[in-house]
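The values are calculated or read from the model by the stated rules, or taken from the named source; none is laboratory data. It should be emphasised that the depicted structure is a prediction, and the values quoted were computed from it without experimental measurement. A quick note on method: Cβ atoms are made from the backbone with ideal geometry, for glycine too, and the neighbour counts reach across all protein chains shown.
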Amino acid sequence: MAAGQIGYGVPPSLSAKVTGSFAYLTIRDRMPTILTKAVDTIHRNKNKFFEEHGEEGISAEKQAISLLSKLRNELQTDKPLLELMDGLSDTESWNQYMQRQQRQLGDQELVSWFKSPWLYVECYMYRRIQEAICPPINNFDVFNEGKTQSFFESQQAVMALCTYLGDVQKSMEKLSENQLSEYFNKLLQVSLWGNKCDLSISAGQENSQKASPIDSLPSLQSFILVNDSNMVWLTLNSSRRPEGSGQKTADRVDIVLDNAGFELVTDLVLADFLVSSGLARHIHFHGKCFPWFVSDVTANDFQWTIRQTMAANHKWMSKSGFQWQSYLNEGIWSYHDHPFWTQPHEFCDMAADAPDLYATLQEADLVLFKGDLNYRKLTGDRAWGHAVDFCTALRGFEPAPLCSLRTLKANVQVGLQLGQGEKLSTEDPSWMTNGKYAVIQFHGPKLE
Ligand SMILES: O=P(O)(O)OC[C@H]1O[C@](O)(CO)[C@@H](O)[C@@H]1O
Ligand SMILES: [Mn+2]
């Protein structure tokens, strides 16, 4: 059976069919709010569109507002999903996926917002936003304000983090293996908790990081439900080859990014540490090729964040920014944005639907997946039991040793101890969706 097909023991996809479920509340409440904010943002930029594009900019603004309002009405009245008509490079793939969804539903009911898988319709909404914003304003990122605000309002935390990185790097040569792994664990957890800052769960409410990210780690420790940091450390060390050993030396870690703003800075700091400590020789970053889930990183966000860090009036921030830019110039770091990351597929379909991307990930020694949406795609956004193995939920998706760094914002979680989920539900009924808990969840060869 092909990976991803419904087979024995594969539970159903989360959907809004379950009234009152988190999927239902997201589609009924949060997604329309995101569309309303998008309409408001476009309206507020009307003059900008006129200045840049004259009358054409105004008519594109009017069209975007009308299409987004129509989209919101379709969503709120559970209309059938519509084929995309914008003829972009991924249009055909999206329309084929819709036909695949329709085949799974059969001809009794049409693919629609409250009946089809939540993962699919939420991704589809962001692709319809892209369709609504036509030339000449098609490069306008309707979520840009929120992403830049998150960065500006996290400056204290960014400065503290870059200062910490600078201090660690000053003594890097003298660090023992234990000290190195200590710093690694700290910066891995900073990147993990950076994922709390995402705008789609807050439907765009500000979410900047105020306190020092290092100082808050001890108080957050008990909220990490699965901590496979040791497996990540062993994987990195097993893939490291002594210089000149003639063995594979291109140690490569891929980071599948999530949110811009503070979270992206935590990922850049972690990546800098991996390279400057010698734990990895190359980092491949994977971002989104158009604005996605409100706060996800696009190429523009990636470049903007590095430029802002370089330009900071703070010694360690600007030092970090220049170091990051030179990693990019030297090819030690590289940024990629394959269309698959902005499509609705579960990751167990990647080998079949994006074999080129799967082959790329297979070249990595470790792939870090940031955030909740990536976790939902890793597990197919299905109603697995909490004690089901992560490996089972991956359903054959294993291009390389991988680790999810995720704060829980959707009600799918696997790989827990027997009874752990039930215990959490009594202690904190919204534990899967309130963003307070997190996992560092690894899948790969067992190493001693
Ligand atoms: O940015 P992250 O961590 O992927 O979080 C996005 C999550 O927020 C939500 O929009 C909240 O429902 C989820 O649908 C989505 O998985
Ligand atoms: Mn996100």
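Values computed for the structure shown
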| item | result |
| --- | --- |
| Sole residue being outside the structural domain of residue 411 (by the TED database), touching a residue at least 12 places away in the same chain (Cβ under 8 Å) and surrounded by fewer than 21 Cβ atoms within 10 Å (Cβ to Cβ), chosen from 99, 108, 104 | 104 |
| Selection count where residues are in a loop (DSSP other than H, G, I, E, B) and either within 15 Å of ligand 1 (Cβ to nearest atom) or surrounded by 23 or more Cβ atoms within 10 Å (Cβ to Cβ) (or both), scope region 402-436 | 15 |
| Matching helices (runs of 4 or more DSSP H) fully within region 69-158 where at least 2 residues are closer than 30 Å to residue 50 by Cα and at pLDDT 95 or above | 118-132, 144-152 |
| Condition met for residue 338 (touching a strand residue (DSSP E or B) at 6+ places or on another chain (Cβ under 6 Å) and surrounded by fewer than 21 Cβ atoms within 10 Å (Cβ to Cβ)) | no |
| Members of region 312-343 that are within 30 Å of residue 124 (Cα to Cα) and either polar (S, T, N, Q) or at pLDDT below 95 (or both) | 334, 342, 343 |
| Out of 289, 348, sole residue that is away from ligand 1 (no atom under 16 Å from the Cβ) and in contact with a Ser or Thr (Cβ under 6 Å, 6 or more places away or on another chain) | 289 |
| Residues of region 114-131 satisfying the condition of being more than 16 Å from ligand 1 (Cβ to nearest atom) and within 21 Å of residue 28 (Cβ to Cβ) | 115 |
| Failed item, numbered, when residue 378 is tested on (1) surrounded by fewer than 17 Cβ atoms within 10 Å (Cβ to Cβ); (2) closer than 26 Å to residue 279 by Cα | (1) |
